[in-house]
Structures are given as C-alpha cells and as structure tokens.
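Asker: If you scroll down you'll find the structure; I have some questions about it.
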Amino acid sequence: MKVLVLPTAERAAARTAGLVADTVATTDQPVLGLATGSTMEQVYADLVTLHRTDSLSFATTTTFNLDEYVGLSPDHPQSYRQTMEALLFSHVDLHPQACHLPRGNAPNPYAEAERYEAAIAAKGGIDLQLLGIGHNGHIGFNEPTSSLGARTRIKTLTRSTREANARFFDDPKDVPRYAITMGIATILDARHAVLLATGSSKAEAVARMIEGPLGADCPATALQMHPRTTVVVDREAAAKLCMIDYYLEIHPDGEEPDLG
Ligand code: F6R
C-alpha cells in the first residue's frame, strides 16, 4: 500500500482529486468507481473546480458508484443517485447515460446486483476506484464479516452504519436497512484503488486497514491484497499509524519519491 499523509483534510482531498483527474486525463475512455459519504464531498468539489478552471473533461468517462440503498428510487432526495447529481454529475460534462448506480427500487434487487456487476465487466472494469472507510472498517457497504470474495450483492447495514448515516435523513427510522453494494472482490478488480480518510474518528479504522492483520472483521484490510492501493490521509486520520515516520519519509507532503 502506498500511504500519503497530508497535513490537512483539505490537502488530502485535493491530492485525491488530483489522482482522479490524472486518470481521467490520461486514460482512453476512463472508467471511475465512485463513493459517497461526507469525506468525498470536498473531492467532488475539487473535481468540479478542475473542470471549470483547468478544462478537465469527463466527456468520455463512465462512472459506477459503489452502492445504493434498497427501496429508494433514483429521484428520492436521500438516494445516492441524487447525492451524486448534486455533488458532481450536474456540474461537469459527464454524459447522463454514463453515470451508473445500482437501481435501489429495482423490482428484484438480487437480479439488479447481478446486472450491475455484469455492467461493470462489460465496460472493461474500473480504472480507478474511489473509496471512503467506515468507523467499523467497511468499504462500500461491505460490513464486518463480509466475504472477502463477494461480488455486488445485497447487504444488511449494521446498526452503527445506520446510526452514522441517520444525519442525512429527517427521521433516523427512515434509514434503509439494506443496500446493494459492490463486493470486496469487485473492488479488488479495479486497476487502482484510492481510499481517502480524514479526521480523528477514522484513525483506528485506518491503522487496522494498513497495519492490522487481514480479516473480515475489518473488510478494508482486503486492500492489503491489492497490488495498487493508494491511501490518502490527513494527520488526524494517520494518528494511530505505528509506521507514520516511514510513510512521511517515503512520501514527504504526499509526494512521489524522486528516484532520479
Ligand atoms: C458510501 C461508501 C461508504 C463510505 C463510508 C465513509 O458510498 O462507500 O463506505 O465511504 O461509510 O463515509 P463518511 O465519509 O461519511 O464517513
């Protein structure tokens, strides 16, 4: 794993947006995997700015989001589709038909999960998968004890995840119990996995993911098996890393080493 430690959350988000922008600018028909959650909001804001000021074009980009709540229609205000519209899709030149999320209101959610997995494969797989991490070590909605070999499917959300996401709903009782999520194996198929974590509340999960033993009790540890994972953290999220001095030495200020 490549670990980039930036001094602030803003710098960490900007570094992450830069990695996404490089992929979009240098890949023929790029395919991005996208995430939702508060951590991603600044990344999308930075990408919109790059689109407006640096002419970063998404015209040939296809996107697949990690997950969607079961039961919510694409026009439900709390659906991840609407979140993505508000944060990114409606502000850049992505083709509306190229922006994919699982359909939360599909009549058969199991069949929808299979369709979604096949749609990613049909596009040739994901070039860069953007990820956040839950306090319990989830990525996408792969909660602890998820199979590390799972593909897109239905997951029941843990109580802690539902409580963490209740802030987005008027009534905590409205938080859906189920989600369609890419599986760990789907995520590991991406050619580059980029995970952003900021703030002290993520420090424990970040340390487990990077330096802890591989295991289903912290699904993000599966990224240790990925040949190309970049973890971008701010100093607060990095606070519990035993080897922080090493990461800072290799990547001062989150930069690549100059090997001449
Ligand atoms: C949602 C997703 C989740 C979030 C995670 C962190 O699409 O993939 O794994 O990334 O729950 O969410 P925040 O950033 O709100 O702490």
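Asker: Filter the range 63-86 down to the residues that are assigned to a helix (DSSP H, G or I) and of a type in the set (A, V, I, L, M), then identify the one that is surrounded by the fewest Cβ atoms within 10 Å (Cβ to Cβ). So that I can check it myself, show each step before the final result.
Answerer: Start the filter on the range 63-86 by keeping residues that are assigned to a helix (DSSP H, G or I), which leaves 80-86.
After this cut, where a residue has to be of a type in the set (A, V, I, L, M) as well, the list is 84, 86.
Numbers: Met84: 22, Ala86: 13.
Selected residue: Ala86.
Asker: Name the single residue, out of those in the range 138-172 being part of a loop (DSSP other than H, G, I, E, B) and of a type in the set (Phe, Trp, Tyr), that is farthest from the chain's Cα centre (by Cα).
Answerer: Residues of the range 138-172 that are part of a loop (DSSP other than H, G, I, E, B), as a first pass: 138, 140-141, 143-152, 157-158, 169-171.
From the residues that got through so far, the ones that are of a type in the set (Phe, Trp, Tyr) too are 141, 169.
Details: Phe141: 10, Phe169: 21 Å.
So the residue we want is Phe169.
Asker: Name every residue in the range 173-186 that is within 19 Å of the chain's Cα centre (by Cα), part of a helix (DSSP H, G or I) and of a type outside the set (Ser, Thr, Tyr), in order of residue number. It would help to see each step written out before you state the result.
Answerer: Just the residues of the range 173-186 that are within 19 Å of the chain's Cα centre (by Cα), to begin with: 178-186.
Filter again for part of a helix (DSSP H, G or I), leaving 184-186.
The answer is Ile184, Ala185.
Asker: For Ala118, work out the one condition from (1) over 19 Å from the mean Cα position of the chain (by Cα); (2) closer than 24 Å to Val231 by Cβ; (3) not basic (Lys, Arg) it doesn't fulfil.
Answerer: Here Ala118 meets the rest and fails (2).
Asker: How many residues are in contact with a helix residue (DSSP H, G or I) (Cβ under 7 Å, 6 or more places away or on another chain), assigned to a loop (DSSP other than H, G, I, E, B) and not β-branched (Val, Ile, Thr) if we restrict to the range 98-137?
Answerer: Within the range 98-137, residues that are in contact with a helix residue (DSSP H, G or I) (Cβ under 7 Å, 6 or more places away or on another chain), assigned to a loop (DSSP other than H, G, I, E, B) and not β-branched (Val, Ile, Thr) number 11.
Asker: Quickly run through the range 153-189 and pick out the residues that are modelled with pLDDT of 95 or more, within 13 Å of the ligand (Cβ to nearest atom) and in contact with an Asp or Glu (Cβ under 9 Å, 6 or more places away or on another chain).
Answerer: Within the range 153-189, Lys155, Ala179, Ile180, Thr181, Met182, Gly183, Thr186 meet the criteria.
Asker: Can you tell me which condition Ala45 does not meet? The list is (1) surrounded by 22 or more Cβ atoms within 10 Å (Cβ to Cβ); (2) assigned to a helix (DSSP H, G or I), and all the others hold.
Answerer: (1)
Asker: Now, a different point. Consider Lys240 against the criteria (1) open to solvent by 90 Å² or more (accessible area, probe 1.4 Å); (2) within 16 Å of the ligand (Cβ to nearest atom); (3) at pLDDT 95 or above: it satisfies all of them except one. Which criterion is unmet?
Answerer: With respect to (1) open to solvent by 90 Å² or more (accessible area, probe 1.4 Å); (2) within 16 Å of the ligand (Cβ to nearest atom); (3) at pLDDT 95 or above, Lys240 is out only on (2).
Asker: When you look at Thr60, is it open to solvent by 30 Å² or more (accessible area, probe 1.4 Å), more than 15 Å from the ligand (Cβ to nearest atom) and under 27 Å from Pro227 (Cα atoms), yes or no?
Answerer: Details: open to solvent by 30 Å² or more (accessible area, probe 1.4 Å): yes; more than 15 Å from the ligand (Cβ to nearest atom): yes; under 27 Å from Pro227 (Cα atoms): yes.
The answer is yes for Thr60.
Asker: Considering every residue within the range 229-236, establish whether at least one is more than 16 Å from the ligand (Cβ to nearest atom), open to solvent by 10 Å² or more (accessible area, probe 1.4 Å) and at pLDDT 95 or above.
Answerer: Quick first cut of the range 229-236, residues more than 16 Å from the ligand (Cβ to nearest atom) only: 235.
Now restrict to residues that are open to solvent by 10 Å² or more (accessible area, probe 1.4 Å): 235.
Retained after the next criterion (residues that are at pLDDT 95 or above): 235.
Taking every residue of the range 229-236 in turn, at least one turns out to be more than 16 Å from the ligand (Cβ to nearest atom), open to solvent by 10 Å² or more (accessible area, probe 1.4 Å) and at pLDDT 95 or above.
Asker: Here's another thing I want to ask about it. For the range 121-152, name all the residues that are more than 15 Å from the ligand (Cβ to nearest atom) and of a type outside the set (S, T, N, Q).
Answerer: The first filter runs over the range 121-152 and keeps only residues more than 15 Å from the ligand (Cβ to nearest atom), leaving 121-125, 127, 145, 147-149, 151.
Correct list: Ala121, Ala122, Lys123, Gly124, Gly125, Asp127, Leu148, Gly149, Arg151.
Asker: Tally the residues that are assigned to a helix (DSSP H, G or I), within 21 Å of Ala9 (Cα to Cα) and open to solvent by less than 10 Å² (accessible area, probe 1.4 Å), restricting the search to the range 191-220.
Answerer: 5
Asker: While we're looking at this one, here's another question. Could you check the range 83-120 and list, in sequence order, the residues that are within 16 Å of the ligand (Cβ to nearest atom) and touching a strand residue (DSSP E or B) at 6+ places or on another chain (Cβ under 6 Å)?
Answerer: Phe89, Cys99, His100, Leu101, Pro102, Gly104, Ala113, Ile120
Asker: Mind listing just one residue for me: the one in the range 25-36 that is assigned to a loop (DSSP other than H, G, I, E, B) and open to solvent by less than 30 Å² (accessible area, probe 1.4 Å) and, of those, nearest to Val232 (Cα to Cα)?
Answerer: Taking the range 25-36 first, the residues assigned to a loop (DSSP other than H, G, I, E, B) are 27-30, 35-36.
From what is left, the residues that are open to solvent by less than 30 Å² (accessible area, probe 1.4 Å) are 30, 35-36.
On the way: Pro30: 21, Ala35: 15, Thr36: 16 Å.
Among them, the one singled out is Ala35.
Asker: Sticking with this structure for a sec: Residue under question is Thr181, and the condition is that it be in contact (Cβ under 8 Å) with a residue 12 or more places away in the chain and either open to solvent by 40 Å² or more (accessible area, probe 1.4 Å) or out of contact with any strand residue (DSSP E or B) (no Cβ under 7 Å at 6 or more places or on another chain) (or both); does it hold? Break it down into steps so the answer makes sense when it comes.
Answerer: Working: in contact (Cβ under 8 Å) with a residue 12 or more places away in the chain: yes; either open to solvent by 40 Å² or more (accessible area, probe 1.4 Å) or out of contact with any strand residue (DSSP E or B) (no Cβ under 7 Å at 6 or more places or on another chain) (or both): no.
Taking the combined requirement at face value, the residue does not satisfy it.
The values are calculated or read from the model by the stated rules, or taken from the named source; none is laboratory data. Everything quoted here is computed from the prediction, not taken from an experiment. Methodologically, a virtual Cβ is constructed for each residue, glycine included, from the backbone with ideal geometry; neighbour enumeration extends over all protein chains shown. Heavy atoms of the whole protein, side chains included, go into the accessibility calculation; ligands, DNA and RNA do not. Shrake-Rupley method; radii C 1.70, N 1.55, O 1.52, S 1.80 Å.
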